[in-house]
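All remarks here apply to the structure that follows.
The values are calculated or read from the model by the stated rules, or taken from the named source; none is laboratory data. Here the structure is a predicted model, which means the values were calculated and not measured. Cβ placement follows ideal geometry from the backbone for every residue including glycine, while neighbour counts extend to all protein chains displayed. The area values use the complete protein model at the heavy-atom level, side chains included, leaving out ligands, DNA and RNA. Shrake-Rupley method; radii C 1.70, N 1.55, O 1.52, S 1.80 Å.
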Amino acid sequence: MAAGATVIAIHIASTGAATMRAVTTAQAVAGKGLEGDRYYNKLGTYSNETGSGREVTLIEIEAIEALKQDYGIQLDPGQSRRNVVTRGVALNHLVEREFRIGDVVLRGTRLCEPCAHLEKLTVKGTMRGLIHRGGLRAEIVKGGVVHVGDVISSAK
């Protein structure tokens, strides 16, 4: 993992279509998610569907910046609908791997490909522009508090 990989923003939303709210810290609970977030409370758009990795979602700020550069679409980090915004880490490489955010241990389960719901809540073209760079879905292996500014590192 690259030196200098960090968390630059954290967002939670109370329900599936609610506006994402920026927070500076979030309590990560294994098997549940981030306290106060829609998926923690089973109120997310996809809470009732099968599949792993709804505890925490992550996206690279570099992907959001590329969306603007390549497609002319400007999104604020919270509009990506992902919980944790990172800088300096290739999230696609963390599928099936454990990693740390501060003292919290996560396991990447699958890519967080963009969906029609995201595009409905943002701008036409967002889905196409984030294909294969829409982020990572992760499960919490060891809980704790995630902070803006936390270093992201290998769990080893």
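Summary of values
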read-out: Given charges at beta-carbon only (K, R positive; D, E negative), |dipole| of segment 22-156 in Debye; value: 220
read-out: Entry for volume of the Cα convex hull per residue in Å³ (calculated from the structure that is shown) out of (1) 141; (2) 105; (3) 94; value: (3)
read-out: Solvent-accessible ranking of Arg107, Arg97, largest area first, probe 1.4 Å; value: Arg97, Arg107
read-out: Positive minus negative residues near Ile8 (Lys, Arg vs Asp, Glu; Cβ under 15 Å); value: -3
read-out: Peptides 75-82, 3-10 ordered by average Cβ neighbours within 10 Å, highest first; value: 75-82, 3-10
read-out: Solvent-accessible area, 1.4 Å probe, carbon plus sulfur percent, for segment 75-156; value: 54
read-out: Å² per residue, accessible surface of the chain at 1.4 Å; value: 48
read-out: Spatially proximal lysines relative to Lys32 (Cα-Cα < 29 Å; intrachain offsets below 8 disregarded); value: Lys42, Lys120, Lys142, Lys156
read-out: Anisotropy class of segment 56-122 from Cα gyration tensor, a/c 1.5 cut; value: prolate
read-out: Given charges at Cβ of Lys, Arg, Asp, Glu: the chain dipole, positive-most of Val56, Val148, His93; value: Val56
read-out: Computed over the chain: relative contact order in percent, which uses C-alpha pairs under 8 Å that are six or more apart; value: 33
